[in-house]
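Below is one structure; the comments refer to it alone.
The values are calculated or read from the model by the stated rules, or taken from the named source; none is laboratory data. Quick caveat: nothing in here was measured; it's all calculated off a predicted structure. In this analysis, Cβ positions are derived from the backbone assuming ideal geometry, glycine residues included, and neighbour counts consider all displayed protein chains. Only protein heavy atoms, including side chains, enter the accessible area calculation; ligands, DNA and RNA are left aside. Shrake-Rupley method; radii C 1.70, N 1.55, O 1.52, S 1.80 Å.
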Amino acid sequence: MSMSKQLLSAAVDAAATEAEWDALIEVIDKNPEIKSGWGRIWACRDAHDGVLLTASEDFCSGVMMAIANEKPLPSTVVPLPARTVAAANRSRRSRGWRTLVPLSAAAGVVAAVLVVGGLGGNDSENVPPLTASSAAAVNITPVSLGNAARPDAAKAAILNAYLMEHSNSLVERSMGGTLANARFAARTADYRPDAP
Amino acid sequence: MSIDPDVDIQLVARAQAGDTRAFELLVRKYQHKIIQLVSRLVGDGDAPDVAQETFIRAWRAMKGFQGNSAFYTWLYRIGINTAKNHLVSRNRRQGTHDIDIADAELYGHTEQLSDKATPEAQALTEEIKQKVGEAIGRLPPDLRQAITLRELEGLSYEEIAEAMDCPIGTVRSRIFRAREAIDLVLQPLLDG
């Protein structure tokens with residue numbers, strides 16, 4: 001016991017060797033009196049520094065019990081800077097419904113592109129054909145879609161006419177303050193208002 | 001004086017290797033300081049819970065501590081952040097306005113927030129200082145000189161050995177014996 005207390009005294013003064021530290025930690029774990037002695041030395045130093053002694057024995061027990069129930073963490077955990085975390089938290093809180101605005105805008109653009117793509121059909125001809133060499137470069141196998149995958153010209157014309165009629169109807173009824181998506185899509189396809 | 005980085009280095013290295021016993025010694029070393037720190041921000045009632053959360057968070061992040069600052073500085077930051085999070089969630093529950101986070105930290109440094117120390121804690125601290133002073137006064141001169149140079153002047157064992165013109169082993173022994181005598185007056189105060 002006396003030897004352990006000597007070790008403790010040297011350890012709190014940072015005058016213990018590595019081996020003595022190892023021995024002390026083993027002893028402290030088995031001997032509550034040495035453990036309490038460790039706490040009293042630091043409490044005495046805290047009191048001398050003007051720190052108020054408010055922690056009870058239960059305090060440390062509570063911490064250690066919670067830690068004992070913790071799952072082991074990955075070895076590469078590095079805490080983020082506090083300001084980064086605070087800024088991220090503020091940003092996350094302030095988003096709210098506003099996150100839906102860019103999403104709805106993106107959905108609108110996607111819908112327009114689908115309509116234009118479906119009506120046009122000719123853009124695919126401007127794309128250079130996938131050759132064996134270029135396919136090899138990206139490690140894929142070229143597949144021919146054939147005529148079945150191409151939009152039918154007659155169907156496209158019918159759809160185009162329908163969309164124009166629909167959008168004109170909306171404008172006449174003053175339901176669209178701006179050009180409707182369908183009208184815009186039709187105009188950007190093959191529609192020529194001045195054509196005979 | 002009481003924040004000895006060399007002691008912390010020994011314990012932190014072991015705690016980072018997963019040794020909970022070493023971490024427990026760090027908890028026992030800093031528990032009073034952390035409770036006092038967070039009590040200034042969250043008040044005495046919530047301080048023990050927030051302080052416990054601080055140590056638990058520190059344990060979780062232990063492997064990320066790279067030693068760029070002193071361990072207590074790192075722990076202090078965790079304590080401040082834990083207290084701030086507690087205040088924000090408490091204010092949200094109570095429907096009051098959030099505190100300004102930057103202000104909260106400023107208060108933590110300047111000690112302008114509540115420092116409502118209980119009279120019991122203040123009395124205990126004063127009693128310990130008085131009893132320890134009296135115990136040191138009763139020590140034989142060589143023990144008294146050794147413990148005074150160490151605890152009050154902050155000298156290392158080497159410096160004390162030089163000042164007292166004796167081997168380091170003798171210094172170590174004298175300081176130990178002085179602490180034994182002081183501990184006799186501390187035990188009833190702190191464990192009673």
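Taken across segment B:118-141, residues that are more than 10 Å from chain A (Cβ to nearest Cβ), polar (S, T, N, Q), touching a residue at least 24 places away in the same chain (Cβ under 8 Å) and not in a helix (DSSP H, G or I) do not occur at all. Across segment B:4-48, what is the total count of residues that are more than 7 Å from every other protein chain (Cβ to nearest Cβ), in contact (Cβ under 8 Å) with a residue 12 or more places away in the chain and more than 17 Å from B:Phe65 (Cα to Cα)? Total satisfying the criteria: 11. Only one entry of B:Asn81, B:Asn85, B:Asn68 meets the criterion of being at the interface with chain A (Cβ under 7 Å from one of its Cβ atoms) and polar (S, T, N, Q), and that entry is B:Asn81.
When you go through A:Ala55, A:Ala88, A:Ala47, A:Ala43 one by one, which is the residue that is at pLDDT below 85 and closer than 19 Å to B:His32 by Cα?
Unique residue meeting the criteria: A:Ala55.
Going through (1) open to solvent by less than 30 Å² (accessible area, probe 1.4 Å); (2) at pLDDT below 90 one by one, A:Thr76 falls short only on (1). Kindly evaluate B:Leu41 against the criterion of being farther than 14 Å from B:Gly79 by Cβ and not β-branched (Val, Ile, Thr). Against the criterion (farther than 14 Å from B:Gly79 by Cβ and not β-branched (Val, Ile, Thr)), B:Leu41 does not qualify. Within segment A:1-35, count every residue that is within 7 Å of chain B (Cβ to nearest Cβ) and surrounded by fewer than 18 Cβ atoms within 10 Å (Cβ to Cβ). Going through segment A:1-35 one residue at a time, the tally reaches 2.
Within segment A:10-26, residues that are over 12 Å from B:Leu11 (Cα atoms) and of a type outside the set (A, V, I, L, M, F, W, C) sit with their Cβ atoms under 9 Å from residues that are part of a loop (DSSP other than H, G, I, E, B) and open to solvent by less than 50 Å² (accessible area, probe 1.4 Å), at 6+ positions apart or across chains, in these pairs: A:Asp13/B:Asp4; A:Asp13/B:Ser156.
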